[in-house]
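Remarks on the structure that follows.
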Amino acid sequence: MATDYGGIDELLGLSTPRGGEHGNNNGVPSGPAVAVNNDHGDTAMGGTLQNREMEVPRWLSTTDVTAHLVGRGKKKTLEEEYESTIVIAGHGSGTKDPKVEGFHLPHLFITMTGYDVRQLGRLRRALEDSLIDYVIENTPEQEDSRNAPPSLGRLLYSLALSAANASPKTKDHTPNRTVLARSHYPMIYHTRRTIEEGANGPATKKVWMNVVELPQDDSTSEYHGRFLAGKQGSLLEYYRTKFNCRVDIYGVWGDDDDLMCAPYVLVTSEEGKSNVDRCLQFIEHRVREHEEKYGASRAGGRRILRGEMQMSDS
């Protein structure tokens, strides 16, 4: 059934709200507020509005995803529950107002506004959960129910990177860096999710995570990635024993039809960030050797490793 996108600006919170004694142009009450410190020492409630931003991956930035997030009354429900406002702009949002922040971006850009940073954090989590549900609902079920849809890992990494970049406490904004993210495996962490984390299901599992792009054959455009698994999966075992990392390779095993994004490699570890970084360095060198030997390349070019970054800065 076709989705009705009529009145999309109003749906996205871009219509002008009514003014009044207790309102402002964001539609959020502007009465006095009491300052309360949260567990992180941040001001939970203050006299000024707080903004939090969230970026949706380009491969998920469609009008269908926008409707899934805030359509059919969901926007109003979310705003009331979390005492915040939601504005969505960028490609796939449907907004036509060039003055809205993020309007010219090639992906969905969500701005959340409110007084209570704890509520803004909860709202962000609710929107992330909705995106995860969209990927699950639009991907065929895996033969092994423990395995996540092939695109989920890339989404979880993108969401974690976006959240880290949006945090005012983040100092390192290096692109494609390793971040702490929700684990993609096993699926029970996403299929038995609860409002109060861990109340009736498993608590969220966090892992250090990063993504590696796969090279494509310059003549056939076929993605190469099986070489990273080794014969009979020997390299997968090596990643586990040498680096304490789990490495999943997606889109090269005949599973590309299940992918919503480009084929990729997902590297995760429960041990620490350095484990993932060392595993990535090993994988990157193998990818470079393969590219030179078989005439393959990556759209974004070679990944810059930490040592190479230091050399370029000197």
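Go through (1) within 19 Å of residue 165 (Cα to Cα); (2) of a type outside the set (S, T, N, Q); (3) part of a strand (DSSP E or B) and name the single condition residue 115 misses.
(1)
Select, from 220, 241, the only residue that is assigned to a loop (DSSP other than H, G, I, E, B) and either modelled with pLDDT of 95 or more or out of contact with any helix residue (DSSP H, G or I) (no Cβ under 9 Å at 6 or more places or on another chain) (or both).
Details: 241 fails: assigned to a loop (DSSP other than H, G, I, E, B).
Result of the check over 220, 241: 220.
In region 145-156, what residues are without any contact (Cβ under 8 Å) to a residue 60 or more places away in the chain and either open to solvent by less than 50 Å² (accessible area, probe 1.4 Å) or aromatic (Phe, Trp, Tyr) (or both)?
148, 152, 156
Of the numbered conditions (1) over 23 Å from the mean Cα position of the chain (by Cα); (2) modelled with pLDDT under 95, residue 73 satisfies every one except a single condition; which is it?
(2)
With the structure loaded, tell me whether residue 84 is among the polar types (S, T, N, Q), in contact with a Phe, Trp or Tyr (Cβ under 9 Å, 6 or more places away or on another chain) and over 21 Å from residue 59 (Cα atoms) or whether it fails that test.
On the way: among the polar types (S, T, N, Q): yes; in contact with a Phe, Trp or Tyr (Cβ under 9 Å, 6 or more places away or on another chain): yes; over 21 Å from residue 59 (Cα atoms): yes.
Spelling it out, residue 84 is indeed among the polar types (S, T, N, Q), in contact with a Phe, Trp or Tyr (Cβ under 9 Å, 6 or more places away or on another chain) and over 21 Å from residue 59 (Cα atoms).
Identify all residues within region 257-266 that are open to solvent by less than 10 Å² (accessible area, probe 1.4 Å) and touching a residue at least 60 places away in the same chain (Cβ under 8 Å); write none if there are none.
Selection gives 264, 266.
Is it the case that residue 82 is buried (at least 18 other Cβ atoms within 10 Å of the Cβ), farther than 13 Å from residue 51 by Cβ and more than 20 Å from the chain's Cα centre (by Cα)?
yes
Name the single residue that is surrounded by the most Cβ atoms within 10 Å (Cβ to Cβ) among those in region 278-302 being touching a residue at least 60 places away in the same chain (Cβ under 8 Å) and outside any helix (DSSP H, G or I).
The selected residue is 296.
Is there any pair linking a residue in region 112-129 that is more than 16 Å from residue 75 (Cβ to Cβ) to one that is open to solvent by 20 Å² or more (accessible area, probe 1.4 Å), with Cβ under 6 Å and at least six apart or on different chains, and which?
Close Cβ pairs (under 6 Å, with a partner that is open to solvent by 20 Å² or more (accessible area, probe 1.4 Å)) amount to 115/33; 115/45; 116/45; 117/42; 117/50; 118/38.
Any idea which of (1) at pLDDT below 85; (2) under 22 Å from the mean Cα position of the chain (by Cα); (3) in a helix (DSSP H, G or I) is the one residue 275 doesn't satisfy?
Residue 275 satisfies all of (1) at pLDDT below 85; (2) under 22 Å from the mean Cα position of the chain (by Cα); (3) in a helix (DSSP H, G or I) except (1).
Confirm whether residue 204 is modelled with pLDDT under 95, part of a loop (DSSP other than H, G, I, E, B) and under 20 Å from the mean Cα position of the chain (by Cα).
yes
Check 250, 238 and return the single one that is without any contact (Cβ under 8 Å) to a residue 24 or more places away in the chain, open to solvent by 10 Å² or more (accessible area, probe 1.4 Å) and either out of contact with any His (no Cβ under 9 Å at 6 or more places or on another chain) or of a type in the set (A, V, I, L, M, F, W, C) (or both).
So the residue among 250, 238 that is without any contact (Cβ under 8 Å) to a residue 24 or more places away in the chain, open to solvent by 10 Å² or more (accessible area, probe 1.4 Å) and either out of contact with any His (no Cβ under 9 Å at 6 or more places or on another chain) or of a type in the set (A, V, I, L, M, F, W, C) (or both) is 238.
Check off (1) under 17 Å from residue 51 (Cβ atoms); (2) over 15 Å from the mean Cα position of the chain (by Cα); (3) of a type outside the set (Phe, Trp, Tyr) for residue 127 and give me the number that stays unchecked.
So the condition that residue 127 fails would be (2).
If you take the residues of region 125-141 that are more than 17 Å from residue 189 (Cβ to Cβ) and in contact with a helix residue (DSSP H, G or I) (Cβ under 7 Å, 6 or more places away or on another chain), which of them is least open to solvent (accessible area, probe 1.4 Å)?
Only one residue tops the list, namely 127.
The values are calculated or read from the model by the stated rules, or taken from the named source; none is laboratory data. Note that the structure is a prediction, hence the values are computed from the model and not measured. Ideal geometry is used to build each Cβ from the backbone, glycine not excepted, and the neighbour counts take in all protein chains shown. Keep in mind that these areas ignore ligands, DNA and RNA; they rest on the heavy atoms of the full protein, side chains included. Shrake-Rupley method; radii C 1.70, N 1.55, O 1.52, S 1.80 Å.
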